[in-house]
Amino acid sequence: MMRAFSVSFLRSNPLLLSHSSGNSAVVALDNHYYYNSSSSCCCCVFTSTFHVYAISHFSTNPNPFKPNSTFPYSSDPTHARLKQLLLEKSKTGFDKLDDALVLFDKMLHRKPLPSIFQFAQLLAALVKMKQYSVAVSVFRDICVKGIPVDIVTFNTAINCFCHLNRVDYAFSLLAGTIKRGFHPDVVTYTTLITGLISQDNPAEAQLLFTNLIRFKLIQPNVVTYNTIINGLYKRAHACTAVTLFRYMEKKGCQPDTVTYSTLIDCLCKLRLVDQALGLLHEMTKKGITPNVITYNSLIQGLCDFNRWQDVNQLLSEMNTRNISPNVRTFNILVDAYGKEGMINDVEDVIEFMIQRGQHPDVVTYSALMDGYCLRGEVDKALAVLETTMKKRGIVPTFVPIIF
DNA sequence: AAACCCGACT
């Protein structure tokens, strides 16, 4: 059997590796409660909906008065330190949910209060951690405390409601934004379009988009187009998506890495991998640089056709461009080699990723177990589940089988 | 200074 994964080749090419930060905090998203607003400074939307998604702040912690936080800052960070910390965390998220909440509590007790920028950064960090209901709860607290919010914080809250599949609340928050005298901007409307599409309501999304243009409420930007192109493609409206792609250029909106990555991923899923490779060529010619997501889509597409040589060529191209493969890249390879019975290649990839400091996750081991099972080596699969995963503290997932 | 869009296993 052909050895597809050339470890030696990858070893000879030092890759820059990024370490993904794990978030171990587990919070029930459906843990909502009723909030009766009698406070006049509270955002009017909450009084009208009378129903707020929220979270018990210390749900991962049995004792709320002794937060489970090992966060490394002094009890009262200087203003400069606070700013620096929030700037950093807004990009990566906090390691633990409690770290964010403890900091939020400290911010509320500072005199003078930190500005809305700092609170917005805290919200951004919570969004990075996918703690949407916590973010909504924090946003509500900010409103209740009378801290003057702005359009950006409102946009963040609207985005959180969309991720919680509560587009209805997102739209009532839009009403609240307008009532407060803010002008919803292109981000507000793009967020709502994303929400409608993820709710499987592309018709409403399209209507909103055309009305926004017709009434000149916003000028769609590249993110607006990317959102809609992705939504159209995922719902098998490939032709409309391509039309929109060409239309945006005509309107003077230059496609970016995300636009091309979206198109490339969708073409790969339609098994049009050579067309996808053509787009990779087109974007690089235009000076738009692909990223690890672009390559992951293409590698997946090529794996579906067992084009191992082309896969290795892309991996080497990533090297020359200094784009590091991440856990997902390796997971694609583990899955593809496993499905072809190339279990030695699978084992090589896993050994290699560990050497590179990329931690195999539940997806890696699920794909590995699948690979063993397909060869009838159920005992080895069980050993992965009961020994390797247990040792690494990886909790197996459960997927119901539908007949 | 802060917000919106793209990728892996069942």
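The values are calculated or read from the model by the stated rules, or taken from the named source; none is laboratory data. Every value quoted in this text rests on a predicted model; they were computed, and no experiment measured them. For neighbour counting, all protein chains shown are included, and Cβ atoms are generated from backbone atoms with ideal geometry for every residue, glycine included. SASA here: full protein model, heavy atoms, side chains in, ligands and nucleic acids out. Shrake-Rupley method; radii C 1.70, N 1.55, O 1.52, S 1.80 Å.
Worth pointing out:
- Across the range A:158-169, coupling constants 3J(HN,Hα) worked out from phi with the 6.51/-1.76/1.60 Karplus curve, θ = phi - 60°, read 4, 4, 5, 4, 4, 5, 8, 6, 10, 5, 4, 5 Hz, and Gly and Pro carry x.
- Accessible area expressed per residue, the range A:159-241, with surrounding protein chains retained (probe 1.4 Å, Å²): 50
- At full extension, A:THR243 and A:LYS339 could sit 31.0 nm farther apart than now, given 0.36 nm per residue minus the alpha carbon distance.
- Semi-axis lengths (Å, descending) of the ellipsoid that matches the C-alpha gyration tensor of the range A:96-239: 30, 17, 12
- Comparing A:ALA367, A:TYR337, A:THR387 along the charge dipole axis of the range A:304-403, the residue lying farthest to the positive side is A:THR387, per the Cβ-charge model.
- Per residue accessible area of the range A:291-403, 1.4 Å probe, in Å²: 52
- By accessible area, using a 1.4 Å probe on protein heavy atoms only, the range A:267-343 has 49% of its surface on carbon and sulfur.
- Ordering of A:346-353, A:331-338, A:114-121 by packing is A:331-338, A:346-353, A:114-121, highest average first (other Cβ atoms within 10 Å, averaged per residue).
- For the range A:91-223, the share of accessible area belonging to carbon and sulfur comes to 59 percent (1.4 Å probe, ligands and nucleic acids excluded).
- Separation of the alpha carbons by more than 25 angstrom is noted, of A:LYS250/A:LYS285; A:LYS96/A:LYS234; A:LYS89/A:LYS390; A:LYS128/A:LYS390; A:LYS89/A:LYS269; A:LYS106/A:LYS130, for A:LYS96/A:LYS234; A:LYS89/A:LYS390; A:LYS128/A:LYS390; A:LYS89/A:LYS269.
- Each eigenvalue of the Cα gyration tensor of the range A:308-403, multiplied by 5 and square-rooted, gives one semi-axis; in descending order these are 25, 16, 12 Å.
- Cβ crowding within 10 Å averaged over residues, with A:193-206, A:259-272, A:237-250, A:152-165 ranked highest first: A:152-165, A:259-272, A:193-206, A:237-250
- The lysines whose alpha-carbon is closer than 18 Å to the alpha-carbon of A:LYS111, local same-chain residues fewer than 8 away aside, are A:LYS83, A:LYS145.
- Relative protection proxy for A:370-377, A:390-397, from highest mean packing down: A:370-377, A:390-397 (other beta-carbon atoms within 10 angstrom).
- Legend: translational diffusion of the range A:256-310 by Stokes-Einstein, Rh = Kirkwood radius over C-alpha pairs, 20 °C, 1.002 mPa s; D = 199 µm²/s.
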